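Beneath this line is the structure, given in structure tokens, with notes to follow.
Bear in mind that the values in this text are calculations on the coordinates, not laboratory data. Since the model is a prediction, treat every value here as computed from it, not as a measurement. Using ideal geometry, Cβ is built from the backbone for each residue, glycine included, and neighbour counts are taken over all protein chains shown.
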Amino acid sequence: MLRKWQSDCSDKALEKYQSNSIHFFCQATPGAGKTMLAANVALRLLKNGMVDLVLCFSPSLTVSNSIKRTFSSMLNCTFNGGMGSIGQSLTYQSIQFINEEFWQTLRNHRVFVVFDEIHHCSGSEIDNANMWGQQVITKIQGLATFTLALSGTPWRSDSLPIVMGEYSDPDGQLLVDYQYTLKQAIDDGVCRTPKIVLIDNEYLSVSSSQEGKTFSSILEMLKQTKMSYQSIIYNKEAMEHLLGLGCKRLSKVRKVSPNAGGLVVAASVQHATAIKEILSQKFGQTVSIVTYRHEAPLEEIERYRQSDDQWIVSVGMISEGTDIPRLQVCCHMSSIKTELYFRQVLGRILRVDSSAARSAWLFTFAEQSLIEFAERIEQDIPESCRYAYMVSKIESDFANLQGCSDYKPLPEIQSDTNSQLFWGSNTGFSNNHFEKLGEFDDIRLGAFKQRVISAFSSL
């Protein structure tokens with residue numbers, strides 16, 4: 001059964017298509033159920049005899065498989081492009097490898113094309129398009145009978161326009177056909193209320209062979225020294241503190257929802273392995289781990305989805321579109337600090353399930369960008385994320401790969417070669433899963449503190 005917003009949006013899409021318009025853009029908050037909406041629109045177009053085939057594109061194999069399951073169920077047929085199938089779910093990166101016979105099929109039939117997480121495809125024309133955007137513009141846009149673009153975070157970190165997006169001039173605001181906000185989703189009981197916990201330290205000292213300095217916060221230390229954010233997320237004591245808070249919260253949630261799970265977003269495979277050891281050995285948690293180096297990451301994600309393991313630790317595999325409704329707690333320990341990525345990660349714990357818990361908890365460190373993102377969480381499209389008309393062409397490889405099944409992060413440690421991190425009594429990284437950061441600087445912490453941002457608390 002459709003939710004009210006899905007039914008309303010589906011009606012509006014059909015009305016627009018029946019008025020001889022080809023394209024429809026839906027912005028719905030992460031976790032609201034955009035795939036079910038798209039499947040319903042496809043079903044209605046097929047029943048009304050308006051299209052013959054359905055084609056879906058998405059940014060990763062994980063999301064592509066989820067779309068395949070939903071469309072197969074809604075359309076009551078296979079959705080794998082084979083005999084008897086009425087359509088297929090593919091990734092954006094696969095477009096360039098599709099043969100001419102496939103495109104000829106599109107030309108000979110009326111095709112409904114769904115673009116999930118369309119913000120991964122940039123470009124208003126070939127000259128300012130990224131690779132995925134070029135494929136959409138040159139190979140699909142002109143062949144589709146109808147198109148449906150979906151996004152929960154409809155902007156790009158490189159400020160380039162989204163493929164097929166329409167913008168107001170001169171302020172660069174994205175014009176959408178239907179918007180379903182996080183506030184609406186919380187009011188309707190579709191999404192959980194986000195609570196973001198920012199971890200800080202109130203007495204932080206840095207000393208070296210030449211001088212010593214004391215700081216009142218992580219933010220102050222990062223601004224006034226060469227220490228990087230990576231030196232925090234890779235530090236054992238800091239990791240243990242944040243993970244410990246996450247474990248305490250998950251334990252409380254599981255008293256109400258015994259099957260509730262937690263997600264840790266790690267910065268690298270080595271980082272993820274160290275996090276898994278802390279969770280299992282120090283806190284006695286059951287932990288799954290999934291990274292781009294795993295031979296069968298999709299199978300591991302599915303195993304966790306069906307299990308009652310407490311935690312899953314991910315590197316580049318569970319950021320957007322991945323449907324694991326039992327996730328209710330997240331420890332954000334990635335080195336990626338963009339607002340798009342932050343919101344997509346938060347969206348993994350907002351999707352409601354049958355449990356009674358209606359709050360979602362995200363723990364992270366009080367770094368400047370993350371503080372700003374948390375404070376703006378009630379804005380569906382922040383002013384800072386509007387398309388800049390005068391921006392020069394910027395190639396953003398990460399914008400293409402973020403959340404993709406083959407995403408491989410670059411090495412994350414970028415501190416001074418003549419420095420070493422000490423956090424409290426721990427000498428940087430204590431075993432083979434922790435990297436040394438240098439040799440001379442000494443960082444010590446006082447008491448940890450935290451700030452909780454309870455979004456939509458006035459509701």
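Here are the numbers for this structure:
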item: Where labels lie 7 Å past Cα in the beta-carbon direction, separation of residue 224 and residue 205 in nm; result: 1.4 nm
item: Nearest-0.05 FRET efficiency for residue 354 and residue 47, computed from C-beta distance (R0 30 Å); result: 0.50
item: Pairwise label distance in nanometres, residue 306 with residue 277, each label 7 Å out on the Cα-Cβ vector; result: 3.2 nm
item: Under 25 Å between alpha carbons - lysine pairs in region 4-180 that sit 8 or more apart or on different chains; result: 16
item: Neighbour-count order for 381, 318, fewest beta carbons within 10 angstrom listed first; result: 381, 318
item: Residue 83/residue 4 FRET efficiency (R0 22 Å; Cβ-Cβ; nearest 0.05); result: 0.05
item: Dimensionless Rg ratio for region 92-244, taking C-alpha atoms and the 2.2 N^0.38 Å reference; result: 1.58
item: Rough spin-label spacing in nm, given labels placed 7 Å along Cα→Cβ, for residue 259 and residue 166; result: 4.3 nm
item: Table column - 3J(HN,Hα) (Hz), region 169-178, Karplus curve with 6.51, -1.76, 1.60, x for Gly and Pro; result: 10, x, 7, x, 8, 5, 9, 10, 7, 8
item: ³J(HN,Hα), Karplus 6.51/-1.76/1.60, whole Hz, each residue of region 115-126, x for Gly, Pro; result: 10, 7, 6, 4, 5, 5, 10, 10, x, 8, 7, 4
item: ³J(HN,Hα), Karplus 6.51/-1.76/1.60, whole Hz, each residue of region 302-318, x for Gly, Pro; result: 5, 4, 5, 4, 8, 9, 10, 4, 6, 10, 10, 9, 10, 10, x, 10, 10
item: Whether region 2-68 is rounded, prolate or oblate, judged on the alpha carbon gyration tensor where a/c under 1.5 counts as rounded; result: oblate
item: Extension gain (nm, one decimal) between residue 108 and residue 143, 0.36 nm per residue minus Cα-Cα; result: 11.6 nm
item: Exceeding the 24 Å Cα-Cα cut-off - candidates 183/449; 195/248; 248/449; result: 183/449
item: Distant-in-sequence amide H partners of residue 162 (H built 1.01 Å from N, under 5 Å); result: 123
item: Sequence ranges 8-17, 43-52, ranked by mean other-Cβ count within 10 angstrom, highest first; result: 8-17, 43-52
